[in-house]
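Take a look at the structure below.
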Amino acid sequence: MTEHTSKQYDAELESLRSRVLQMGGLVENQIVSAIEGLNSLSDDTLFKEVIGRESEVNKIEMEIDELCNHILARRQPAAVDLRSVLVAIKMIRDLERIGDEAEKVARMGLMIVEAGKNYVPKVDLQRMAANAIAMLRKVLDSYARVNAVSAAEVVKADQEVDDEFRAIIRQLITFMMEDPRTISRSIEILFIAKAIERIGDHAKNMSEHVVYMVRGRDVRHKGADVVAQEAAEK
């Protein structure tokens, strides 16, 4: 490579990373807005904004895909550079799906608002949502700082989100058994809780991608302790 070509290549890789982080920030805002809308359920504005911005998430995913294809075809990256491009492709898939889950939360919230908030069971989704959002933020930070150890911590955090989801299911079952009039709203809240749980799953997937990018080790389908160990090894 000439020095000029090498600098262009480095710039393309940096642009790729920046674009992935840009998409991550957009998706994070989607989730935060959807959860804020759930706090009061008195206004449908936030929900409609989240739904309306979904096309923007899809657009940036396609643009990043095109950039990845360009780098693979023109630069033929190897070693860590190749892993960086492959991980970017995987990361944006998970981010796009997180955007879909945020839209699902917004649509369910919109249905509750339109129904007039009648017979809505008092279930606290905020803790679970806050943990899922924290997972996403941490994995994006780990990706930006190329930090495998920090990324591995997200895998462990997913267990808490799963536990909270199961607790919410038990609460909703109790509400529906005690008052059948809450069934419709309970089902909508169940869909919301499941969407939040899936956001945690996708953040976990992304953390495993970061470990692979940094260490070159595929840690999928391994326990949190094993992932942490492999992330720490150099």
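Points to keep in mind about this one:
- Just so you know, in the range 34-57 the residues that are touching a helix residue (DSSP H, G or I) at 6+ places or on another chain (Cβ under 7 Å), free of Cβ contacts under 8 Å to residues at least 60 places away in the same chain and assigned to a helix (DSSP H, G or I) include one that is nearest to Lys122 (Cα to Cα), and it is Glu36.
- Inter-residue pairs, beta-carbon under 9 Å, first of a type in the set (S, T, N, Q) and in the range 100-114, second modelled with pLDDT under 95 and surrounded by fewer than 23 Cβ atoms within 10 Å (Cβ to Cβ), 6+ apart: none
- Residue count for the range 144-166, restricted to those that are without any contact (Cβ under 8 Å) to a residue 24 or more places away in the chain and surrounded by 15 or more Cβ atoms within 10 Å (Cβ to Cβ): 1.
- Residue in the range 216-223 that is under 17 Å from Phe165 (Cβ atoms) and either basic (Lys, Arg) or in a helix (DSSP H, G or I) (or both) present: no
Yes/no matrix, rows are residues, columns are (1) within 29 Å of Met177 (Cβ to Cβ); (2) among the aromatic types (Phe, Trp, Tyr); (3) assigned to a helix (DSSP H, G or I); (4) modelled with pLDDT of 95 or more:
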| residue | (1), (2), (3), (4) |
| --- | --- |
| Lys90 | no, no, yes, yes |
| Leu95 | no, no, yes, yes |
| Ala102 | no, no, yes, yes |
| Ile112 | yes, no, yes, no |
| Tyr119 | yes, yes, no, no |
| Lys122 | yes, no, no, no |
| Asn131 | yes, no, yes, yes |
| Met135 | no, no, yes, yes |
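The values are calculated or read from the model by the stated rules, or taken from the named source; none is laboratory data. It should be emphasised that the depicted structure is a prediction, and the values quoted were computed from it without experimental measurement. Here the Cβ is made from the backbone with ideal geometry for all residues, glycine too, and neighbour counts use every protein chain on show.
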